[in-house]
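These notes concern the structure reproduced below.
The values are calculated or read from the model by the stated rules, or taken from the named source; none is laboratory data. This is a predicted model, so every value here is computed, not measured. Cβ atoms come from the backbone with ideal geometry, glycine included; neighbour counts cover every protein chain shown. Surface areas here come from the heavy atoms of the whole protein model, side chains and all, with no ligands, DNA or RNA. Shrake-Rupley method; radii C 1.70, N 1.55, O 1.52, S 1.80 Å.
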Amino acid sequence: MTAAAPDRAAYWAAEAVPLTGPWGGVNMAWAAVDRHVAAGRGDRPALRWTGRDGATATLSYADLSEASGRFAALLRGLGVGKGNVVASLLPRRPVLYAAALGALRAGCVHAPLFAAFGPEPLRLRLTLAGARAVVTTSALWARKAPASLPDPFDALLVDGEGWEDRLAALEPAPCVSTGPDDPALLHFTSGTTGAPKGALHGHGAIVAQHATARDALGLRAGDVFWCTADPGWVTGTVYGLLAPLAVGATLVADEGDFDPARWYALLERERVSVWYTTPTAIRMLMRAGLDLPRRHDLSALRHVASVGEPLNAEAVTWGEAAFGRPIHDTWWQTETGAIMLATPPGQPVVPGTLGFPVPGIEADVLAQAGEAGELVLRPPWPSMFQGYLHDEAHSRACFTDDGWYRSGDLARRDPDGRFRFVGRADDMIKTSGHLVGPFEVESVLLEHPAVAEAAVIGRPDPVAGEVVEAFVALKAGVVGDDALARDLVAHARRRLGPALAPRAIAFADSLPHTRSGKILRRLLKARELGLPEGDTSTLQDGGR
Ligand code: 6R9
């Protein structure tokens, strides 16, 4: 837990050995797929996919190696290569896995996007990334293509005419010889005061992703693993794709939407042994009742874990009733690149706690024993982010003067060493596990001709954890009525997509500001929820 730095360095160096390619470096696609093929395990199932309509497909490790090799060859043919950013905007279909691994194979940077994003969040992210290409479907791209794009740029439509033939004609390309520090992944995470930030990870991150899948989730070769995370979320990339394959497990993937009956049927039919999901999904299953799980044979299930938002104690105990085992919490962030704190299999679950640092990780709370303070981690570790793309200032601000990585979360430590999540130290919103930056939503609301000012907060919600709510001050003479509220929600959904758009709009005469002009979102939230207002010493006179 408090391993000295040289011990941690030695630990991670040893962990890297089996994932290192014959050229002496590491490539995520090689570590996840090709090394198994090279070791004669190519015929093992890598992906078991169920389509929206119930169709199924199984891809072996060899199939995945070949499909990603052809995709890498296609990229190469387009002149897209090492260091170029290739975004993906895809439903959960086998081609998504081939495209992500193919981009990594070709030495490109894989940048997943949420299919639920509207044109504006897509434009911002593709531009910030300087993306060279996006892999998507005709339907998604027709609906969402932003008006302005980087140049040069290719939209690769996986259902476009001649796509299959074009790929079939190509010789699968081998993995490019990358090293641990060559950039591999770009995930966008939200900022409170500015545009989204692009967190970069090198190929070496796979070392911690592999180790944590084993140690925090208890995954072993041959396990059937289902991670329900959206492919546009960091959890979808790391534990929905890379880490379980690196371990040699079989991924279960479902293209369909959340549906309790469908989910239990899938757990039973695929004989899922380790399941990784979110508190929101668990709370939605709780609503559907205990009859459903009791009607299914879930005896293959060995471990259930959760991530992304606070796991309430009721959800933990409900897991015991539904699955015969408690739900284990895990904590991490886009920036950390892998699970940092967890209650691993075999450890008793204490409801309301996150658990302990995983092997090779040192964590602390910047506070007196037992008090709440910022949760910090001691660099380096292999999946530590390399920084935010083109944003030196925010990258640097993530570290204390003596070099600890600051999570931006508040935590507390129990006497037995377990960490407890207390809250966020900033204004970020977590809705259904997804981080939403208020600034991005406010910016789009401000485009509307009726809006003078906007402030966006997370309102506590029994299922989603929080939902996005906007406070809007209108321009002089404009009347805030239901029709305008509906128009604002429609505008936000059109521009932002359903993932980011506010659920509710509240009109206010004016919004509270600090003396330096910043909107005090926290104060709005406190007032809205009837909580103590805290320190309002910086509040501008008359601000309501
Ligand atoms: C993987 C992921 C990170 C933020 C993080 C924290 C919240 C994550 C949590 C949790 C309470 C947990 N968070 N796990 N809060 N309990 N077990 O979620 O990455 O989207 O970057 O969000 O999510 O606030 O700082 P990301």
Quiz item: Does any residue in the range 83-106 that is assigned by TED's automatic domain parsing to the domain that holds ALA145 come within less than 8 Å, Cβ to Cβ, of a residue that is part of a strand (DSSP E or B) and polar (S, T, N, Q) six or more places away or on a different chain, and which pairs are these?
Solution: SER88/THR136; LEU89/THR136; LEU90/THR136; LEU96/SER88; ALA99/SER88; ALA100/SER88; ALA103/SER88
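Before we move on, is ARG262 of a type in the set (D, E, K, R), within 14 Å of the ligand (Cβ to nearest atom) and in a helix (DSSP H, G or I)? So that I can check it myself, show each step before the final result.
Numbers: of a type in the set (D, E, K, R): yes; within 14 Å of the ligand (Cβ to nearest atom): no; in a helix (DSSP H, G or I): yes.
Spelling it out, it is not the case that ARG262 is of a type in the set (D, E, K, R), within 14 Å of the ligand (Cβ to nearest atom) and in a helix (DSSP H, G or I).
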Practice problem: For residues that are farther than 21 Å from ALA168 by Cβ and among the charged types (D, E, K, R), scanning just the range 69-114, find the one that is surrounded by the fewest Cβ atoms within 10 Å (Cβ to Cβ). | Solution: LYS82
Quiz item: Which one of these does GLY346 not meet: (1) open to solvent by 30 Å² or more (accessible area, probe 1.4 Å); (2) within 25 Å of PRO196 (Cα to Cα); (3) more than 14 Å from the ligand (Cβ to nearest atom)?
Solution: (2)
Self-check item: Exclusive hit being outside any strand (DSSP E or B), open to solvent by less than 20 Å² (accessible area, probe 1.4 Å) and outside the structural domain of LYS144 (by TED's automatic domain parsing), set ALA455, ALA492, ALA470
Solution: ALA492
Self-check item: Single condition LEU251 does not satisfy, out of (1) more than 15 Å from the ligand (Cβ to nearest atom); (2) out of contact with any Cys (no Cβ under 8 Å at 6 or more places or on another chain); (3) of a type in the set (A, V, I, L, M); (4) open to solvent by less than 10 Å² (accessible area, probe 1.4 Å)
Solution: (2)
Self-check item: From the options ALA452, ALA425, ALA397, residue that is away from the ligand (no atom under 16 Å from the Cβ) and of a type in the set (A, V, I, L, M)
Solution: ALA452
Quiz prompt | Filtered residue count, the range 86-98, keeping only those that are over 18 Å from the mean Cα position of the chain (by Cα) and under 20 Å from GLY202 (Cα atoms) | solution = 1
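Please pick out the residue among LEU170, LEU157, LEU241 that is in contact with a Leu (Cβ under 8 Å, 6 or more places away or on another chain), open to solvent by 30 Å² or more (accessible area, probe 1.4 Å) and among the hydrophobic types (A, V, I, L, M, F, W, C).
Values: LEU157 fails: in contact with a Leu (Cβ under 8 Å, 6 or more places away or on another chain); LEU241 fails: open to solvent by 30 Å² or more (accessible area, probe 1.4 Å).
Within the list LEU170, LEU157, LEU241, the selection yields LEU170.
Within the range 208-217, take every residue that is open to solvent by 10 Å² or more (accessible area, probe 1.4 Å) and touching a residue at least 40 places away in the same chain (Cβ under 8 Å) and give me the one that is farthest from LEU185 (Cα to Cα). Please lay out each step first, then the result.
Going residue by residue through the range 208-217, those that are open to solvent by 10 Å² or more (accessible area, probe 1.4 Å) are 210, 214-215.
If we keep only those that are touching a residue at least 40 places away in the same chain (Cβ under 8 Å) too, we end up with 210, 215.
Working: HIS210: 15, ASP215: 22 Å.
Checking each candidate, the answer is ASP215.
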Exercise. Output the qualifying pairs, or none if there are none: Cβ atoms under 8 angstrom, residues six or more apart or on different chains, first residue in the range 320-333 and assigned by TED's automatic domain parsing to the domain that holds LEU298, second residue within 11 Å of the ligand (Cβ to nearest atom) and open to solvent by 20 Å² or more (accessible area, probe 1.4 Å).
Key: TRP331/PHE421
